[in-house]
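Please read the structure below before turning to the comments.
The values are calculated or read from the model by the stated rules, or taken from the named source; none is laboratory data. Predicted model only: the values in this text are computed from it and were never measured. In this analysis, Cβ positions are derived from the backbone assuming ideal geometry, glycine residues included, and neighbour counts consider all displayed protein chains. Keep in mind that these areas ignore ligands, DNA and RNA; they rest on the heavy atoms of the full protein, side chains included. Shrake-Rupley method; radii C 1.70, N 1.55, O 1.52, S 1.80 Å.
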Amino acid sequence: MICYAFPKATTFRWGIVRFIAMTTSEPFQAPPAATSATTRLAELQSRADVGLSHKEAALRLQRDGPNEIPEKKRHPLQQFAKKFWNLSAWMIELIAILSFVIHKSLDMWIALVLLVVNAILGFAQEQRANAAVAALRSQLQVMTRVLREGSWQTLSAQQLVKGDVVRIRAGDFVPADLQIIEGVLQVDQSALTGESHEVEQRADGDLYSGSVVRLGEATGVVIATGTATWFGRTTQLVETAHPKLHVEKVIARVVRWLVILVSLLVGLTLLAAFFEGMPLLRVLPVALAILMNAVPVALPVMFTVSMALGSLDLTRQGVLITQLSAVEDAATMDVLCADKTGTLTCNRLTVAQVLPQPGISETTLLQASRWASNEANNDPIDLAILQAAKARALPSPPFRILSFSPFSAATRRTEAVIEVDGQQLRCIKGALRTVGAAAGLDEPALAALELQADQEAAQGRRALAVACATNGAALKLLGLITLYDPPRPDSRQLIAQLREMGIRVKMLTGDALPVASEVARQLGLAQILRAPELRALQSRAAAQATALTESVDGFAEVFPEDKFLVVKNLQNAGHIVGMTGDGVNDAPALRQSEVGIAVSGATDVAKGSASAVLTTEGLSNIIALVKTGRAIYQRVLTWILYKVAQTLLKAGFVVVSFLVLGKFAISLLGIVLLVFMNDFMMISLATDHVRPSPMPETWNIGPQIKVAAVLGLLMLAEGLGLLGYGWIHFGLEGARGPLLTYGFEILGAFALFSVFSLRERTAFWHSRPSGVLFVAVLFDALLAAGIGLTGLAEMEALPAGDIAFIFVMTGLLALGPNDWVKTRLMARALSSGRANPGHNS
């Protein structure tokens, strides 16, 4: 269930739903498999080499339902009722009660009407945001490799049915209860049991929905789905969470200081009223209303809607947001560590050359490499080799796989043991030194092999070594296979565009230095170093390693743990870091970075650690993420500046006028009306046209807040001046009703015109407000003018000329000298803020 509440703004992240299975003191023990996988396949009328037919799968899906747990949702009436249970609602309710006590029934009824309208508006906007989040949830799904009618395909885990044959590998969430047909896995069941140790599962063993595969790969048959799984829970990739956002800390600090300042002004008012002999019950409601000005009434709705709509818009541009903090942090990100494959390159590996050793044919070399590959894993290297074998119409004698060990960062090779034509073959492919050493090559032979690979690397091609052994004999090197993954046509331009946006791109790749350097040259990146050099320097001189990480454009021969080190070093140097990744071992670096980005085709664990997921390849969608983040930053900053200026204006106007005149220049009802008119006008900021900053943002907004404070004090002086003019020239001295209306109109008009000024960091005419914001301002203007012309409760009608005078004067002041002052001060403030970057003001 998605909940919206401030200050803990709703976010959502990838993860697995934790089932409370720790209700017993006994360790979790999986029940033993009742039957073998072969028997289970027969019972489920499925086959390990074919799977189910599409027709049968559709019938079972209709019979058993989707593989999911229905989400429990709060009733809309319950959500609506919560709108009457928060700080701003309590204040209005208390004001209504006090109005009833002092026999101001009209004020009481108007306050209650505003309370209901507030609830309706907030509820409607949150329902809109809920719909946006639901649309995101529908796209954030676990995808699974499924065998249907003898063909492997990728389907949503929700479509799994009993009897489906699925392939799982390191980094996957177990999508349903499975029984292993073949393979060996290390499985993390901590999300289900609370126990941190990993469990090994082999053929005929059971796997439970919600577990995470840490090592190995296997084929299994689905034995239960949805509510019928062992724990009654399936993996849900999206889960509500409430990480603390930087902006929340900033706003909390700003609101805290505003409340302290306004409280001092209220205390001063109460003290003055005491000496004037005014009844406390008549002053207290106004004091509460003044305090209410410092409460961010509309911010939760504006912020939630802005974030949700921004995230929904990003989905159309190929970015799925899994933590709202990603949108915020993208605005301040100044370094992006990008995987070469799939982000900077096309991620379409092709076999460039087959280079057999003397006496070995190309067919023999390619055949052995094909046997050391597995189509079900959907690995790019394996698929490239299988495609090359298919393109060359390579003969395919019947063979049986006895074992298969997938590539891992630890082994740096894949290995298959097969039986073909009565012989047992052991085929391996992988890193040159790894395979060469396994084949017994001495150092000179390994050096010659690397020299040959370096020549290929100078052309941007990476080389794999292939070796094979027959019937238990020693491995023999068969030769090299070179692969090529060209840079994306737009990568060089997009890297240049990111540089112009103040974001430096660092390329990280597991390829050898010559390959990495050639690709980097084509992308316009300069210095690339070997990651082992960074590790060695880190152990000797951490400060120098951090400086080195900052200075270069990337690293080659990178292990997953090196990515974490790079991110950490950059953060230690004060950078806000984005990181792209796709594998289970990338999870620590993705989690460590402020903006963890799982690339297209990433494993479930990588997605679970990231705060954004790319649905298309390349950098263009990352640029969209940055621009959206900076746009939302500008909208939130506008709200903060507006809130500071308006709180100082309203609280100061009420208190100073009371101290000078001995009476309030605005009624309780007028203050409450202004709070709602102004704050809910600001909800429309979620749709305002803004210009994203050309450089990374910073939450060191103290200088900008000082500008807003100066504008608030400037408007206070101008407002008091207009009040004094009306007191003298419009006969307000002895007329309480017109005085209350006059004060209401002054504050209302300043609030309307200052929006157009504060939404721009330069002169107000440099950008147009959105249609929604303009209509909201126009509605408030007509409402304020209408109240002035007709009167309301204690506020008596004013002549149209007086109202026109107020609107003309406040408009000229707000968009004239005030905007000029704002432009000059804001230029200095922005320069100061960027010179002293930080997360908080």
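Modelled this way, with points 7 Å down the Cα-to-C-beta line, the labels at Ser105 and Arg521 are 9.0 nm from one another. Given R0 = 60 Å, the distance between the Cβ atoms of Lys663 and Arg316 translates into a calculated FRET efficiency of 0.60. The simple spin-label model puts a point 7 Å past each Cα toward its Cβ; for His54 and Lys476 those points are separated by 4.6 nm.
Let's test the formula: R0 of 35 Å, r as the Cβ-Cβ distance of Leu77 and Phe774. What FRET efficiency results, to the nearest 0.05?
On the way: r = 34 Å, r/R0 = 0.97.
It comes to 0.55.
In this structure the stretch 682-787 gives 38 Å² per residue of accessible area when probed at 1.4 Å with all protein chains present. With a cut-off of 19 Å on the backbone N, the residues of the stretch 409-433 near the modelled label site 7 Å out from Leu402 along Cα-Cβ are 414-429.
Going by average Cβ density within 10 Å per residue, which order do the peptides 628-636, 396-404 take, highest to lowest? Show your work: numbers first, answer last.
Working: 628-636: 23.0, 396-404: 12.2.
Descending mean neighbour count gives 628-636, 396-404.
Return, ordered by residue number, the residues of the stretch 361-378 whose backbone nitrogen is under 20 Å from a label point located 7 Å along Cα→Cβ of Ser151. Those under the cut-off are 374-378.
Would you mind checking Lys390/Lys429; Lys568/Lys607; Lys55/Lys390; Lys249/Lys607 for any pair whose Cα atoms are more than 24 angstrom apart?
Distance filter (> 24 Å) returns Lys55/Lys390; Lys249/Lys607.
Taking amide H as placed 1.01 Å from N in the peptide plane, the amide H of Lys476 sits under 5 Å from that of Cys468, Ala469, each at least 5 places away or on another chain.
Note on Val113 and Gln571: the extension gain reaches 159.8 nm, defined as 0.36 nm multiplied by sequence separation minus the Cα-Cα distance. Can you tell me how the stretch 327-434 classifies by the Cα gyration tensor, rounded, prolate or oblate, using a/c under 1.5 as the rounded cut? Prolate, because a/c is 1.5 or more and a/b exceeds b/c. Each residue, Ala228 and Glu733, gets one label point 7 Å from its Cα in the Cβ direction; the gap between the two is 8.9 nm.
Taking the average, over residues, of other Cβ atoms within 10 Å as the packing measure, peptides 486-495, 163-172, 323-332 rank 323-332, 163-172, 486-495 from highest down. Between Arg202 and Gln353, the contour length at 0.36 nm per residue exceeds the alpha carbon distance by 50.6 nm. Multiplying the residue separation of Leu270 and Asn378 by 0.36 nm and subtracting their alpha-carbon distance yields 31.6 nm.
Over the residues of the stretch 509-583, compute the C-alpha Rg and express it relative to 2.2 N^0.38 Å.
On the way: Rg = 11.9 Å, N = 75, 2.2 N^0.38 = 11.3 Å.
Relative to the rule-of-thumb radius for its length, the stretch 509-583 sits at 1.05.
Computed on the stretch 427-467, the Cα convex hull volume stands at 49 Å³ per residue.
Between Tyr725 and Thr790, what's the calculated FRET efficiency when r is the beta-carbon distance and R0 is 25 Å? Round to 0.05.
Numbers: r = 23 Å, r/R0 = 0.93.
Efficiency, rounded to the nearest 0.05: 0.60.
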